Structures are given as structure tokens and as C-alpha cells.
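J.: To start, I am sharing the structure in question, which I have written as C-alpha cells.
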Amino acid sequence: MQQALGHGPRALICGISGQDGAYLAHFLLSKGYEVIGTSRDAEVSRFENLFALAIRERVTLRSMTLSDFRSVLQVLSETEPAEIYNLAGQSSVGLSFQQPVETLESISIGTLNLLEAVRFMKRATRIYNATSSECFGETIRESPARESTAFAPRSPYGVAKAAAYWIVANYREAYGIHACSGILFNHESIFRPARFVTRKVVRSACRIAAGDELPLRIGNTSIVRDWGYAPEYVEAMWLMLQQPKPRDYVIATGESHSLQEFISASFEEVGLDWAKYTQEDPALLRTTDILQSHADPSLAAEHLGWRAKTRMRALVRRLIEDERTGMEAAAR
């Protein structure tokens, strides 16, 4: 197994193969960290995102299943990380309705196993836990959502993330573990799987601009989200673990836009009118869809000095450029 090359603090990233895991690994390596990453089966995982960032050979990879306490304890005992970043678990809101048990186990039980292993080992390990704006549900009652806003999740994914949040808070208060949760609003990149709506929109715009006549089929375009750029958000994760006292933070741009605006901007970038190439598909509508999602990230700006730099229009431009580059590379 390839050994990590860093000589600084040792960080363990659970879920390193995903979007956030790969960008976080890249960020930590730039800070001089020794990075260890886990996936369920590191021997067969392709780790395409790590290869895309040219860092695959700079990290150590281990197999670990978060829902299996013995697996978690073994990896933590052998690696002894100073920092743990929990980014693992089922990551799709839509898929959580089809796989609610897997979603709850991989997120909530997985988080519990990490915390319990750290408590059992009695080490001064710091833990970052990834939660989500889905914990809030609709933010119409209290808008924008901030750290004190009550949770009201509307999906198995949101329920699991809310449970993980409270598990972290409990272990922090009851056992003095340096653990915190980042309540991240939507953050996108070229590493998003195709099932995510932003990637679907951007890919469709580029595909249609290249001559494909198949329209973009979409659900409710009036939903409103706070969209940011994923590589910026991993810095906020790191900053949270550098604080002397652990605290939970909302991480977002502070600006929300409708999906229709996102689609319009995407097609505008490729010189097309979105309305001519988009069809609403009733099969893609969900009765529990969150219609409004607004964030107040001012606490992160005040305490961490972190602010999102990329807003929606600039994000769309970057995503379109990356998608086109990928399409050109695949065509060679």
C-alpha cells in the first residue's frame, strides 16, 4: 500500500473518494499534513477524484466500514490520527428515500462509532463531522437559517444528519471530546455524481450545445438553494478543527437562487435559451422537496475568518468550463 509522504499532523479522512474527501485531501496535503483516507474497500475502489487531482500516490488508503465498530477501532488504533474528518455515508437525498436504513446506519451509526472509538482510546483526537442544510428542512419559518435554528428535516438523509449532529454535541458535552459539526449548504464541483441536479443541468447544457437533441428533464425548478464551490468549503472544515474550543458552524455563501436561475445561467453560458431545451418531468417531483433554503454564515466569517468567494454565476461558469474540458478529454 502506498504510504503518505507528509511529515506534519496526521489526518484521517473518512470518505476520501467523494467530492469533499478528495478536495480536503488536496488541501491538507498543501498544509503539510500526512493524509490517510478510508473507503469501504480500498483495494477495489477506483479513487478517480484523487487521480484527477494528482494526489493518489500521496495518500495512504485503508479499508474501513463506519457502521462496523471493530473496523473503526482497528483503523484508528493503527493510524492514531490527530484529526478525523467524517465525510462518509450515503450522500444523496433522493436515494435516501429508497435506502433509508443504509442512510441512517452509514451516517448516524457511523458517526457514533467514530466518537465511541475515540472515547474508548482516550486520545486527544479532534473530530470534524459533516452535517447538512437538509437538517433544517424548510427555512421559511426562520430565514435565513443559522446555528440556533431548530431542525425540521424532511428526508431520511436529513434525519440521519440531524441525528449525527446531536450525537456529536452529546459526546462533546458529556465526554469533553473536541468534536464539531459543519452544517454545510449545497456546494458543487465537477466531482458531483451525475444524479445530483447541478451536475445533471451542467452536463445537459454542454451536451445539447454540442448537438445532442435530447432535452433536459427536470423536476421543480422553483426550489431555492444556496450554492457554493466545494473546494472553498473544505478550508472551513479545517478551520473549525483549528479552534481552541469546538463549535458548530453554518457554512454557505449567504446568497440563494432558484433552480430555474441556475438552469438559465448554465444554458446562457453555452449560448442557449434554457426554456427551449427543458421539460418538466412529474416523475422527478417529490412531495417532501424543500422549497426554500437560506443560510446565514456570519458566525463562520466572524470566528473563522471564512467567507465563500464563488457565487452562483461564477460557480456555473466554472462548472461549465470543467464539464467541457472533461468532454473534450473523453472524445480524444
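J.: Show the residues, 5+ positions off or on another chain, whose built amide H is closer than 5 Å to the amide H of L184.
T.: For L184, whose amide H was placed from the backbone, the distant partners under 5 Å are T131, S132, S133, I251.
J.: Now for a different question. Sorted by mean Cβ packing within 10 Å, highest first, what order do the peptides 123-129, 29-35 take?
T.: Working: 123-129: 21.0, 29-35: 18.3.
For the peptides 123-129, 29-35, the packing ranking is 123-129, 29-35.
J.: Nearest 10 degrees, 0 to 90: what angle lies between the long axis of helix 259-269 and the longest principal axis of the chain (Cα atoms)?
T.: 70 degrees
J.: Let me ask another. Tabulate in residue order the Karplus-calculated ³J(HN,Hα) for the range 160-175, using 6.51 cos²θ - 1.76 cosθ + 1.60 with θ = phi - 60°, rounded to whole Hz; enter x for Gly and Pro.
T.: Result, rounded to whole Hz: 5, 5, 5, 4, 4, 4, 6, 5, 4, 4, 5, 5, 5, 7, 7, 10.
J.: Something else about it: Using helices alone, what [θ] at 222 nm do you get for the chain, with -39,500 (n - 2.57) per DSSP H run of 4 or more residues, divided over all residues and rounded to the nearest 500?
T.: Computed ellipticity for the chain at 222 nm equals -12500 deg cm²/dmol.
J.: If you fit an axis through the alpha-carbon atoms of helix 230-241 and take the longest principal axis of the Cα set of the chain, what angle between them do you get, 0 to 90°, nearest 10?
T.: 20 degrees
J.: May I pose another question? Under the rule of at least 5 residues apart or a separate chain, name every residue whose amide H is placed under 5 Å from the amide H of S17.
T.: none
J.: Nearest 10 degrees, 0 to 90: what angle lies between the long axis of helix 312-331 and the longest principal axis of the chain (Cα atoms)?
T.: 90 degrees
J.: For the cross-link pairs K31/K200; K31/K122; K200/K245; K122/K161, which exceed 29 Å when the distance is taken from alpha carbon to alpha carbon?
T.: K31/K200; K200/K245
J.: Compute, for the chain, the length of the dipole vector about the Cα centre, with Cβ point charges of +1 (Lys, Arg) and -1 (Asp, Glu) only. Units Debye, rounded to 20.
T.: Its charge dipole is roughly 480 debye.
J.: For the range 227-275, take every pair of Cα atoms, bin their distances at 5 Å starting from 0, and report each bin as a whole percent.
T.: Binned Cα distances yield the sequence 4, 17, 18, 15, 14, 10, 8, 7, 5, 2, 0.
J.: How much length is gained on full extension from S77 to E173, taking 0.36 nm per residue of separation minus their Cα-Cα distance? Kindly include the intermediate steps, with their values, before the conclusion.
T.: Details: separation 96, 0.36 × 96 = 34.56 nm, distance 2.36 nm.
In short, 32.2 nm is gained.
J.: Moving on to the next point. Whose amide H sits under 5 Å from the amide H of G228, counting only residues 5 or more places off or on another chain, with H placed in the peptide plane?
T.: For G228, whose amide H was placed from the backbone, the distant partners under 5 Å are H187, E188.
No value in this document is a laboratory result; all are computed from the given coordinates. Keep in mind that what you see is a predicted model, and the values were worked out from it rather than measured. Please note: Cβ atoms are built from the backbone with ideal geometry, for glycine as well, and neighbour counts cover all protein chains shown.
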